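The values are calculated or read from the model by the stated rules, or taken from the named source; none is laboratory data. Since we're looking at a predicted model, the values are computed, not measured. All Cβ positions, even for glycine, are placed from backbone atoms using ideal geometry, and neighbour counts span all protein chains on display.
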Amino acid sequence: MSTARRRSPVLQSRLSRSAALARLALRIGGRYLARSPRLIFASVERRGELRHELALRTADDVAEELGSMKGALMKLGQMASYIDEDMPPTFRAAMARLQHNAPPMSPALASSVIADELGDVPERIFARWDPLPFAAASIGQVHRAITLDGRAVAVKVQYPGIARTITSDVRNVALLRRVAAAAFPGLDTRSLIDELGERLREEVDYRLEAENQELFARYYEGHPVIRVPHVVGELSTARVLTGELVVGTRFDDVLQWNQRERNLAAETINRFVSRSLYRLHAFNGDPHPGNYLFHGQGRVSFLDFGLTKHFSDEDLAPLADAVRFLVIENDGDGFRASIERAGFLRPGAPVPTDVVVDRFGLFYATVLRDAPMTITPAYASAIVRRFFDSRGPLAPYSDVPRAYVVLQRINLGLYAVLGSLNATANWRRIAEEIWPFVNAPPSTPIGEAEARWERERKGQELSLDRSA
Amino acid sequence: MMGRYRGDVSPEAASQISMMEPLARAFERSVPPDPKDGGLFGPHSVVWRVHRDRSFSLAAIRSLMIQALHPLAMAGVAQHSNWQRDPFGRLAATAGYVLTVTYGDTAAAEGAAARVRAVHTHVRGTDTVTGLPYHADDPNLLLWVHAGMVDSIVHIVRRYGRSLDAADADRYVAEMARFAEIIGVPATRVPASVAALREYLESVELRQVTPAAAEAIAIVLDPPGLDDDTRELWHDLGQVAIGTLPDWARSMYGFIEPLPHLMEREPVRQLIGALDFAYESFPGVLEARERIELRMRA
């Protein structure tokens, strides 16, 4: 009954909802982004952007600000923004308007969390402790510190009590469903809420993030251009995450660098995405510019592993097949069968295969031809538009299966980043180095260095195996 | 609190916008960026602390339920207002008044009270159920309306809002005497503690559910113009409000007491939080809250 009435042609209520929802979307998207860990290693002077005058001073303040569904709904809005075509256009304006709405913890409150988690006040746990955070995180904030043995670290501190309240909020599925249905009509809110529950349960336990970050840090150990800071395990708990402090140039400033440098940076980001996916079978699902720090000559540090997705062979196989059929074997039917198998396209949709190839092909445009290609901002936004296209010939039959929601975020975010850099490279050659079904030789200087690194890695693994 | 003046939003216009939008606009307007002084209560009062609580929507529903139980207060509303056609616009007007008197500077608070008193002079008539004459200026009616509101706010905030201990709850009730005074109740007549307030409410002889009250509360519990999902959330809120009523009020209406698990603090706070989240999504709400917070901290 409820569905029937919702679809009834009462224009007024539809209008009222979309007007309110546009604002809700604005608020949700913006609020979340303002709190997210994107700015983690931002420079100290950006501290001024945190609203210290509104600092949360007690656990009661925290509960008021982020408890009672608020944290959960912010996250839900953020997730919906990646699959609801109404959201993205409002994003930038929302960010600009709401960037300032991220009250940090007061120094005393942050200190009390450190004391609870690490056994003593930060001034005694660390040789130096900056009582003012330099960045906000989604459910906490980040402080600079120097460990007793002299390492510069970034310490992410979780809001007290937030884990308990978020866990309880996520359990109230009935309420979440209703709110989600009101806020995002037409969306499959059931799978979204399942995903939300999983994500938040992961996010409140920093040990998972630490584990993931360390997985990446170990894998990329010694890599010529990719760097992932190590976790300081003895100073990390479920609520405190201490990692090596990285200093570098922020994305906004990199946009002022010359095109050669920008191309190198883009190549490294692209390699990181492909390699993590195809070789490590894991990906940090937050390809946000704030999660990168740049060091010149293609060297990039990757931060924030709060949203890491591990892919099984079964998850990956249809995706790899799709690329192989489309790009290498030029087999439209094979391509179509693969994306049907992955769940992106309903089997038997009454759409000719060449239309399927044409529509989905845009997503593979960078690797279709063996030639240099510039990823322009226009191409990046065309990708986003195509992805959110609800009117195209495939729209009634396509969907993003849950297993790939994170992957879609990676893709959309990646193209936005590469587009901003206006980067040129032979992306096909780079991809062929990394695709396990091609394993091509190095095609660029970075590729050469990477190949050397990989040989050394393998050598080390072998010698470790032998000694074991 | 009802019946101060007629809603000025046409029902057609009201249904085009979300129910929360007029509330959001009223809130934004009530908290001045540039106040001349601290107003009637001041940023360090308990009134400031209590009136920014997110459980205010729930307190508002409970207030209306108590206030409607005085046949003469109810008659004044029923005969002089078309609020049924735009309940949320009407609620926003009342909320705007409460918030202006709270967070506005002294001139704004007194101006708002003067406007309401001017409207009240024209609100008079005879209640068809009891046959008694009424006049909105009557301090007895004003006191009833005041007590219904203050009792509801204290009860709801203590139960579902931010921490408010018994001493501060009494301080709140005492501070609110000023609120009643500017609308025309002699300060000496206003109960100054939680217990005195409750005692007063139960001492009023003329309490009953008139058909006008039953109709009004039916609309409060199921307002027109909500989409299905919002309506369900609102229904839940109404059930909680019913559960918080004093037994005498609930049995007058013939409401069944909701199951205890519906009344637990955590799920109710989640419900309030979800609605508040949507409310905060309206431009200006968060900024107004920040203005209040910053002044309270100064």
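Checking residue B:141 against (1) touching a strand residue (DSSP E or B) at 6+ places or on another chain (Cβ under 9 Å); (2) assigned to a loop (DSSP other than H, G, I, E, B); (3) surrounded by 19 or more Cβ atoms within 10 Å (Cβ to Cβ): exactly one of these is not met. Which one?
The one condition residue B:141 does not meet is (2).
Can you tell which of A:175, A:196 is outside any loop (DSSP other than H, G, I, E, B), within 18 Å of the chain's Cα centre (by Cα), surrounded by 20 or more Cβ atoms within 10 Å (Cβ to Cβ) and within 14 Å of another protein chain (Cβ to nearest Cβ)?
That would be A:196, the only listed residue that is outside any loop (DSSP other than H, G, I, E, B), within 18 Å of the chain's Cα centre (by Cα), surrounded by 20 or more Cβ atoms within 10 Å (Cβ to Cβ) and within 14 Å of another protein chain (Cβ to nearest Cβ).
Could you please find all residues in region A:142-171 being under 15 Å from residue A:67 (Cβ atoms) and surrounded by fewer than 19 Cβ atoms within 10 Å (Cβ to Cβ)?
The answer is A:161, A:164, A:167, A:168, A:171.
Hey, can you tell me all the residues within region B:67-84 that are part of a loop (DSSP other than H, G, I, E, B) and either farther than 13 Å from residue B:204 by Cβ or small (Gly, Ala, Ser) (or both)?
Passing the criteria: B:68, B:81, B:82.
Inspect region A:111-125 for any residue being within 20 Å of residue A:230 (Cα to Cα), assigned to a strand (DSSP E or B) and of a type outside the set (S, T, N, Q) and give the result as yes or no.
no
Among the residues of region B:74-88, write down those that are more than 22 Å from residue B:245 (Cα to Cα), crowded, with 24+ Cβ neighbours inside 10 Å and among the small types (Gly, Ala, Ser).
Listed by number, the list holds a single entry, B:76.
To keep it simple, each residue is scored yes or no on (1) within 13 Å of the chain's Cα centre (by Cα); (2) more than 14 Å from every other protein chain (Cβ to nearest Cβ); (3) surrounded by fewer than 22 Cβ atoms within 10 Å (Cβ to Cβ).
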{"position": "B:31", "(1), (2), (3)": "no, yes, no"}
{"position": "B:34", "(1), (2), (3)": "no, yes, yes"}
{"position": "B:37", "(1), (2), (3)": "no, yes, yes"}
{"position": "B:53", "(1), (2), (3)": "yes, no, yes"}
{"position": "B:56", "(1), (2), (3)": "yes, no, no"}
{"position": "B:63", "(1), (2), (3)": "yes, yes, no"}
{"position": "B:72", "(1), (2), (3)": "no, yes, no"}
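Please verify whether residue B:134 is of a type in the set (Phe, Trp, Tyr), over 25 Å from residue B:173 (Cβ atoms) and at pLDDT 95 or above, treating the condition exactly as stated.
Values: of a type in the set (Phe, Trp, Tyr): yes; over 25 Å from residue B:173 (Cβ atoms): yes; at pLDDT 95 or above: yes.
When the stated conditions are applied, residue B:134 passes them.
Only residues that are without any contact (Cβ under 8 Å) to a residue 60 or more places away in the chain and in contact with a Phe, Trp or Tyr (Cβ under 8 Å, 6 or more places away or on another chain): list them for region A:258-295, please.
The answer is A:272, A:281, A:294.
Just to confirm my filter: which strands (runs of 3 or more DSSP E) fall fully inside region A:201-300 and include at least 1 residues that are over 16 Å from the mean Cα position of the chain (by Cα) and buried (at least 24 other Cβ atoms within 10 Å of the Cβ)?
Where strands (runs of 3 or more DSSP E) fall fully within region A:201-300 and carry at least 1 residues being over 16 Å from the mean Cα position of the chain (by Cα) and buried (at least 24 other Cβ atoms within 10 Å of the Cβ), they are A:240-244.
This table checks each residue for (1) surrounded by fewer than 19 Cβ atoms within 10 Å (Cβ to Cβ); (2) β-branched (Val, Ile, Thr); (3) at pLDDT below 95.
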site: A:410; (1), (2), (3): no, yes, yes
site: A:420; (1), (2), (3): no, no, yes
site: A:424; (1), (2), (3): yes, yes, no
site: A:431; (1), (2), (3): no, no, no
site: A:434; (1), (2), (3): no, yes, no
site: A:438; (1), (2), (3): yes, yes, yes
site: A:446; (1), (2), (3): no, yes, no
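Kindly evaluate residue A:314 against the criterion of being under 29 Å from residue A:438 (Cα atoms), out of contact with any His (no Cβ under 8 Å at 6 or more places or on another chain) and free of Cβ contacts under 8 Å to residues at least 12 places away in the same chain. Quick ask: steps written out before the conclusion?
Values: under 29 Å from residue A:438 (Cα atoms): yes; out of contact with any His (no Cβ under 8 Å at 6 or more places or on another chain): yes; free of Cβ contacts under 8 Å to residues at least 12 places away in the same chain: yes.
Yes; evaluated as a whole, the condition is true for this residue.
Do we have residue A:327 as in contact with a Pro (Cβ under 9 Å, 6 or more places away or on another chain), outside any strand (DSSP E or B) and either of a type outside the set (S, T, N, Q) or touching a residue at least 24 places away in the same chain (Cβ under 8 Å) (or both) here?
When the stated conditions are applied, residue A:327 does not pass them.
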